[in-house]
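The values are calculated or read from the model by the stated rules, or taken from the named source; none is laboratory data. Keep in mind it's a predicted model, so treat the numbers as computed, not measured. So basically every Cβ, Gly included, is an ideal-geometry build from the backbone, and we count neighbours across all protein chains shown.
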Amino acid sequence: MTTRKLERAEWRQYFDGVAKRLPSMRVGVSILGDNIGVQLETENGALLGMSYDSNDEVFEVATSNIAHRVPKPKEIYVREEGGRLSSVEVIAQDDTKQIIELRALPSLPAS
């Protein structure tokens, strides 16, 4: 398991690449902050996409339940396990942490 900070210059390219490689996954989105504690946005939505728009400076994760946007993020960290993205932490301008956790859908049993 590897966690690393993405440099701002790689945000768009990284998430464009991730969008092409990600299999069908479930996603959980939580917001953590000193003033708000932990706020759960969604815990079991189907992942529709994840991107960073460098023109508008917005990170977005879209699920079957919500579209969660973070305008002008300060920092982005990614955790990869076995070469596959497992979570993203986005630090917002107000220093809240947006935690996106990805889980593979269970496979159907072989017949």
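Restricting attention to the range 29-39 and to residues that are in a strand (DSSP E or B) and farther than 15 Å from Ser64 by Cα, the residue that is modelled with the lowest pLDDT turns out to be Gly37. Listed by first and then second residue, the pairs with beta-carbon distance under 6 Å, at least 6 apart or on different chains, first residue in the range 1-23 and in contact (Cβ under 8 Å) with a residue 60 or more places away in the chain, second charged (D, E, K, R), are Met1/Glu81; Thr2/Glu80; Thr3/Arg79.
If only residues of the range 1-36 that are in contact with a strand residue (DSSP E or B) (Cβ under 9 Å, 6 or more places away or on another chain) and small (Gly, Ala, Ser) are counted, the one that is farthest from Glu81 (Cα to Cα) is Gly33.
For Ile36, the conditions (1) surrounded by fewer than 14 Cβ atoms within 10 Å (Cβ to Cβ); (2) within 11 Å of the chain's Cα centre (by Cα); (3) touching a residue at least 60 places away in the same chain (Cβ under 8 Å) all hold with the exception of (2). Filtering the range 42-79 to residues that are of a type in the set (Asp, Glu) and at pLDDT below 90 leaves only Glu43.
Which ones in the range 6-28 are more than 15 Å from Glu101 (Cβ to Cβ), not charged (D, E, K, R) and not in a loop (DSSP other than H, G, I, E, B)?
Step one: list which residues in the range 6-28 are more than 15 Å from Glu101 (Cβ to Cβ), which gives 6-17, 19-21, 23-24.
With not charged (D, E, K, R) added as a condition, the list becomes 6, 9, 11, 13-15, 17, 19, 23-24.
Answer for the range 6-28, where residues must be more than 15 Å from Glu101 (Cβ to Cβ), not charged (D, E, K, R) and not in a loop (DSSP other than H, G, I, E, B): Leu6, Ala9, Trp11, Gln13, Tyr14, Phe15, Gly17, Ala19.
In the range 99-106, the count of residues that are surrounded by fewer than 17 Cβ atoms within 10 Å (Cβ to Cβ), in contact with a Gly (Cβ under 7 Å, 6 or more places away or on another chain) and outside any helix (DSSP H, G or I) is one or more. Just one residue in the set Ser30, Ser87 is farther than 17 Å from Ala104 by Cα, surrounded by 14 or more Cβ atoms within 10 Å (Cβ to Cβ) and polar (S, T, N, Q); that residue is Ser30.
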